[in-house]
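Below: one structure, written as C-alpha cells.
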Number of protein chains: 2
Amino acid sequence: MHTSPEALEQILSRAASAAPVLAVLPPRSRAALLTALGDALDAERDRLITIAESETGLTPARLGGEVTRTAVQLRLFADAVVSGAHLDARIDEADPEFVLGARPDLRRTHIPVGPVLNFSASNFPFAFSVLGGDSAAILAAGCPVIVKAHSGHPELSEATAALAQRVIADRGLPAGTLQLIHGQQTGVAALRDPRVRAGSFTGSTHGGRILADIAAARPAPIPFYGELGSVNPVFVTSEALASRGPALASEYLASVAGSAGQLCTKPGLLFAAVDDAFLEALATAGASELGTSEHRLLGPRITDTYLEDVDRVLAVDGVQPVVIGTSRVDEAGNGWVTPTIVRVTLETLRANSEVLAEEHFGPFSVIVEVPDGTPLAPLVGEFITGSLTGTVHLGEHERSAAAGADAALSDLVTALSRHAGRVLFDGWPTGVAVTPAQQHGGPWPATTNDASTSVGTAALGRFLRPVAFQNAPSAFLPAALLDENPLGVPQERSAAGESISWGRAVG
Amino acid sequence: MHTSPEALEQILSRAASAAPVLAVLPPRSRAALLTALGDALDAERDRLITIAESETGLTPARLGGEVTRTAVQLRLFADAVVSGAHLDARIDEADPEFVLGARPDLRRTHIPVGPVLNFSASNFPFAFSVLGGDSAAILAAGCPVIVKAHSGHPELSEATAALAQRVIADRGLPAGTLQLIHGQQTGVAALRDPRVRAGSFTGSTHGGRILADIAAARPAPIPFYGELGSVNPVFVTSEALASRGPALASEYLASVAGSAGQLCTKPGLLFAAVDDAFLEALATAGASELGTSEHRLLGPRITDTYLEDVDRVLAVDGVQPVVIGTSRVDEAGNGWVTPTIVRVTLETLRANSEVLAEEHFGPFSVIVEVPDGTPLAPLVGEFITGSLTGTVHLGEHERSAAAGADAALSDLVTALSRHAGRVLFDGWPTGVAVTPAQQHGGPWPATTNDASTSVGTAALGRFLRPVAFQNAPSAFLPAALLDENPLGVPQERSAAGESISWGRAVG
C-alpha cells in the first residue's frame, strides 16, 4: 500500500487547516475526543484483535492487553489535558521595583507546535500505532497527527484510522485531525514538508537515524523524537543470586521470551557471578513450556535479521548456549522461534562487544559471567552507551536502608542512571507502566532525544512550544494565563518585589 | 588566540571528571557558587568594563547595566536551583488496583546531562558570554561548562574566566567546572567530542546552522540550542498611530538605535498605515541626538556585513529613506554609524522579501506602508518564518477588555504567537526581562530548538534529562524523590487508586 503524492498533498493540506482549529479547542473538548477514541477502541476490540493477530502473529491475550493499555492511555491523556500541568503557566507580575529596572507583566504558557508526523511501530500494533501513545500525546497537545502506518499491519492501521475518523467526524472536528499514510517514500516526503512541525518514531536505530537526519537537514529543521534500540542491561548481585537465583532464572527467561522478545525493553545482557543453581534453573525453565512454546515473529524482515543475529552470536568463540532455541520459517516468510540464551565470560564480551553488546530484536539474551567481587559500576560505562532501562537485583540486606552506604552499589545505580532513562530494582524491564512518572527514553542510541519520554503523560510536552505574552490586555491572553484562571490550571506566580532577595537566601 | 589540541584534550578531560562531582553537589552548594560568581563579577565590574569597552565599543553605561544583569541572573538561577521546580519531581505510588495491572512505585526527576559547550556571543560580552545566561543555566543544572570565547572580546573572556576559576577554586570545586577555549576550529573539535553532551550558541543564523548540523551529525547526536537571527516585526494599528504616532516614532528609533541595533530583539520590520505626522516625527527624531550620535559597531566583520546589507537594501527600487544614517570605518576596521530607517510599500516588500524581510544586524529598520484597513494577520505568515518576538501597538479602545472580540486583532495576536516566542503589547522588543516567565526563543530561524528559552529560569531545563526509578529502596533514591522530601522541592504525587477514574470526568 502506498499513498500517492496527490493524496499526500491533500493530507498535508488538511492537517495544516486542522491545526488552528485544534489549537483553540477547549481542554475539555480535547479530553472528550481522547476519551471517545478510547471508548470506540474498546467497543471494537474483538474485530480489531482478529485483524491484528493475522497480521502480526501476536497472541490474542497479548493483543487484548495491548488494546486495554491503548484505551487507558487515551483516557490518561484526557485527564492530563484537563489538569493543565503541561501548560507550565507562569505569571510574573509587573514590578516597578525590579532589580534590573521596571519589569513588565509577563505570562508564559505552551501552545501546540502544529501537524506532527508519527511513524508507528511493528511490535505494538495498537499501543505504538494509529491510536497509540504518540498519537494520544500529539492529540492531547492539540496538534493534528499524520500516522505513517507500519507495513507490518496495514489492514489494522486502516481499520483503526477509520474508527478514529468516525469519532472525529461525529464530534464535528476537522478531517485533518488524524490521517493515515502508507509507504516509506511517502513518509520521507511528509517528513520533508514544511507543514509538518515535528516527528515521532518507534523502531530500529538504523531507520530512526535516517529519519532523524532528514528532520535535522530540512531548511527549517524540526524536532524528531525517535525511540530506537536498547540493550537493557540487568545486574544481579551475588547476594540476590544466593537468595533467589533459581526464581530469577525463570523470571529472566519469561522476560526474554514474552512477545517473542520483540520489545524495546527486553533484557539483552545479564551480568552476574552466575552459579550452577542459576544455570540449571534456567536450563530447566528452557525445557518447560516457557522455553519450548513456539512464537511467530512479526514479519519476514524481522525474521531474517533475527536469525542472522543469532547465527552471528553463536559463531563467536567462547559463546556457550544455556537455552537452545529452535526456529523455522513458514511459507509466508515468518519465523517461528523459541528463546535462546547464551553465556560468555567478561573477556569474551570485551573481545566481541560489537556483536554481543548490541540489541538483538527477538527472544535472545546474553549472560555475562562476572567473577564474584568484580566492581559492577565500571561495566555500565564500558558496555552501555545509552539504554531505555537498567536493572539491579539486590539481596535482602543490600535493599535495606542501612545498606545505602554500600558505595559499590550506589556507584552502580548512579552509573545506570547516567546511561539509562529508567532504573529498576528487583524487577524486569519489560512491561512499561503508563503513568505520570514514567520515563521511556534514554541516551543515544536508546532515543534520538533523551530529554523526553514516549510513554507517560510527560510525553505530550514533546509537541508543545512556549510562548510569553508581555503586557497583554486580558482580552488577548490564552485562558490558562488569565488572573481569574477559568481553566483551573496550575499557575506559578512571581510576585512583585521578590527580585530584591534573589541569591540572598544562600551563599 | 587559539587553544591547542593538547590543551583542548586536557580541558575536555577535566570537564568529564568534574561532571559527576557537580551532579551530586547539593542544591544549596550549587546555589552558593552561582551567588559567589555574581558577587565576584560585581566586585570587579570597573576593571572588566574598561576591558570590554575597548574590545567591543559598547558604551560604559550599557556595559554597566549588562554587568548588573549578568550578576542578577546568576543570583536568579541560585534561587531557582534551591526551589527545585526544574526537577519536576513526580511520584507514582505503587498501586495494586491499577487499571492495567499492579503498578510499581515509580519516581521521576531530572539529572544533569554532563559537560556542555557554550559558544558565546559578540554583542553581549557579559550577559551571553563567559558568565552569561547560558553558563549560569548550565552550572545551575549541575553541568560543567566549556565556554568558547567570542573572538570579539578575548581579553575580557580571559579576565572573566580567571575570576570565575578563582571563585571555583576557593569553594573547593573541580577546575573543570568552568573552562575557556579560543578558536573556531577548537570549538568545532570540542563540539564533535563524545564527552560534550550538549551545545548552546548565540549568534548568526549562518554560524549557528553550521554548528547545529555538526551536533546532529555526530555518531551520538547531542541537543544544540542555538539562538540565531530574528526580524522582530512590529504592527501598529491605525488607532494607535492616530492617538500617539509621533511618540511611537521616536520610541521606535530609540529601539532601533540602542546598542547600535546590535541586539537580537531589534525591531527589523514595522507594519503600519503610516501618516505624515509619524514620518515627520521620525525624521525629527533622526535629526536629534538619537539619530546623529555615532556608535561603534562591535568589530570589522559585523561592520562589513552591515554596510553591505544597507547598500543592498538602498539599491532596491522603491526603498525610500526616512532617517539617513552615516557611516565611516576607522583604522582598526570598526564601523562608526548612525541609524538608518527606510520605508517601502507592501508591494515592494513582496517583490523583494529576500532582501527586505531578513535580519540586518545593526541600527537599521524597514517601515512597511500598509494601506489602512488591510488585514494584518496574514502578513505575519507571509513575511515571518520565525522570530524571537512579535509586537502589537494598540489604541486605547482596542486595548480595553470589551474589544477582545475584535476578530482581526485576535487573529493578529494568534498569528504572532505561532511565529514568535514572545508577543508584546504597547512596548518595544529590545530589553529582555530576566524572569521566570520569560521566553527567549522562537521558531526557526530564531532558534534551532523552539521548545526552549535562552533567557529566564526555564533555560536550565535545556541541560537536564529525566530519569525514573522503579521500586527503588530509599537508600538509592535522589533526595528530590524521597517521601520525607529533605530538599523541600515540589513533588507531584499520583495516589494509588486514581487510575480508575481516568477519562471519566470528561466525555
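The values are calculated or read from the model by the stated rules, or taken from the named source; none is laboratory data. Small disclaimer: the values here were computed from a predicted structure and weren't measured. Here Cβ is always computed from backbone atoms with ideal geometry, including for glycine, and neighbour counts include all displayed protein chains.
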Of all residues in region A:469-491 being within 7 Å of chain B (Cβ to nearest Cβ) and at negative phi, the one that is surrounded by the fewest Cβ atoms within 10 Å (Cβ to Cβ) = A:SER474
B:ALA162 out of contact with any helix residue (DSSP H, G or I) (no Cβ under 7 Å at 6 or more places or on another chain) and either part of a helix (DSSP H, G or I) or free of Cβ contacts under 8 Å to residues at least 60 places away in the same chain (or both) = yes
Consider A:ALA451 against the criteria (1) more than 10 Å from chain B (Cβ to nearest Cβ); (2) under 27 Å from the mean Cα position of the chain (by Cα): it satisfies all of them except one. Which criterion is unmet?
-> (1)
Say whether the condition of being farther than 27 Å from B:ARG90 by Cα, of a type in the set (Ser, Thr, Tyr), in contact with a His (Cβ under 6 Å, 6 or more places away or on another chain) and not assigned by TED's automatic domain parsing to the domain that holds A:THR338 is met by at least one residue in region A:143-151.
-> no
Total residues in region B:115-159, condition hydroxyl-bearing (Ser, Thr, Tyr) and part of a helix (DSSP H, G or I) = 2
Among the residues of region B:396-414, is any more than 7 Å from every other protein chain (Cβ to nearest Cβ), surrounded by fewer than 24 Cβ atoms within 10 Å (Cβ to Cβ) and within 25 Å of B:GLY258 (Cβ to Cβ)?
-> no
Go through region A:342-366 and give me each residue that's within 25 Å of the chain's Cα centre (by Cα) and in a strand (DSSP E or B).
-> A:PHE364, A:SER365, A:VAL366
Report whether or not A:ASP134 is buried (at least 24 other Cβ atoms within 10 Å of the Cβ), more than 11 Å from every other protein chain (Cβ to nearest Cβ) and among the acidic types (Asp, Glu).
-> yes
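For region B:316-325, does any single residue satisfy the condition of being out of contact with any strand residue (DSSP E or B) (no Cβ under 7 Å at 6 or more places or on another chain) and either surrounded by 24 or more Cβ atoms within 10 Å (Cβ to Cβ) or under 27 Å from B:ALA281 (Cα atoms) (or both)? Step through it out loud before you land on a result.
To start, the set of residues in region B:316-325 that are out of contact with any strand residue (DSSP E or B) (no Cβ under 7 Å at 6 or more places or on another chain) comprises B:316-317.
Now narrow it down to the ones that are either surrounded by 24 or more Cβ atoms within 10 Å (Cβ to Cβ) or under 27 Å from B:ALA281 (Cα atoms) (or both): B:316-317.
Yes, because at least one residue in region B:316-325 is out of contact with any strand residue (DSSP E or B) (no Cβ under 7 Å at 6 or more places or on another chain) and either surrounded by 24 or more Cβ atoms within 10 Å (Cβ to Cβ) or under 27 Å from B:ALA281 (Cα atoms) (or both).
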Restricting attention to region A:165-185, report how many residues are closer than 16 Å to A:VAL116 by Cα and not in a helix (DSSP H, G or I).
-> 6
Quick one: in region B:63-94, which of the residues that are touching a helix residue (DSSP H, G or I) at 6+ places or on another chain (Cβ under 7 Å) and not in a helix (DSSP H, G or I) is nearest to the other protein chains (Cβ to nearest Cβ)?
-> B:ILE91
Looking at B:THR447, B:THR385, which one is closer than 27 Å to B:GLU308 by Cα and modelled with pLDDT under 95?
-> B:THR385
Does B:ARG422 fit the bill of being in contact (Cβ under 8 Å) with a residue 40 or more places away in the chain, touching a Ser or Thr at 6+ places or on another chain (Cβ under 8 Å) and closer than 30 Å to B:ASP213 by Cβ?
-> no
Of the residues A:THR435, A:THR457, which is modelled with pLDDT under 95, buried (at least 24 other Cβ atoms within 10 Å of the Cβ) and more than 7 Å from chain B (Cβ to nearest Cβ)?
-> A:THR457
Just checking, which of A:ASP311, A:ASP304 is closer than 29 Å to A:GLU369 by Cβ and either basic (Lys, Arg) or free of Cβ contacts under 8 Å to residues at least 40 places away in the same chain (or both)?
-> A:ASP311
Given the conditions (1) within 12 Å of chain B (Cβ to nearest Cβ); (2) aromatic (Phe, Trp, Tyr); (3) in contact with a helix residue (DSSP H, G or I) (Cβ under 7 Å, 6 or more places away or on another chain), every one holds for A:PHE383 apart from (1)
Only one of (1) at pLDDT below 95; (2) facing chain A (nearest Cβ under 9 Å) does not apply to B:ILE111, and that is (1)
B:VAL392: closer than 17 Å to B:PRO233 by Cβ, buried (at least 24 other Cβ atoms within 10 Å of the Cβ) and without any contact (Cβ under 8 Å) to a residue 60 or more places away in the chain, yes or no?
-> no
Test result for B:ILE146, aliphatic (A, V, I, L, M) and more than 24 Å from B:ARG30 (Cβ to Cβ) | no
Take A:THR202 and decide whether it is surrounded by 17 or more Cβ atoms within 10 Å (Cβ to Cβ), touching a Ser or Thr at 6+ places or on another chain (Cβ under 8 Å) and not assigned by TED's automatic domain parsing to the domain that holds A:PHE361.
-> yes
Could you identify the single residue in A:GLY114, A:GLY101 that is without any contact (Cβ under 8 Å) to a residue 40 or more places away in the chain, under 30 Å from B:THR389 (Cβ atoms) and either of a type outside the set (Ser, Thr, Tyr) or surrounded by 22 or more Cβ atoms within 10 Å (Cβ to Cβ) (or both)?
-> A:GLY101
How do the helices (runs of 4 or more DSSP H) wholly within region A:1-62 filter down when requiring 2 or more residues that are away from every other protein chain (no Cβ under 13 Å) and surrounded by fewer than 22 Cβ atoms within 10 Å (Cβ to Cβ): which remain?
-> A:5-23, A:45-56
Members of region A:238-252 that are within 14 Å of another protein chain (Cβ to nearest Cβ) and in contact with a Leu (Cβ under 6 Å, 6 or more places away or on another chain) | A:ALA240
Of the residues that make up region A:421-429, is at least one touching a Gly at 6+ places or on another chain (Cβ under 6 Å), surrounded by 18 or more Cβ atoms within 10 Å (Cβ to Cβ), at the interface with chain B (Cβ under 7 Å from one of its Cβ atoms) and modelled with pLDDT of 95 or more?
-> yes
Can we say B:GLY325 is more than 30 Å from B:LEU460 (Cα to Cα) and not aliphatic (A, V, I, L, M)?
-> yes
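With touching a Leu at 6+ places or on another chain (Cβ under 6 Å) and closer than 25 Å to A:ARG171 by Cβ as the only criterion, which of A:LEU34, A:LEU76, A:LEU22, A:LEU12 stands out?
Testing whether each residue is touching a Leu at 6+ places or on another chain (Cβ under 6 Å) and closer than 25 Å to A:ARG171 by Cβ leaves just A:LEU34.
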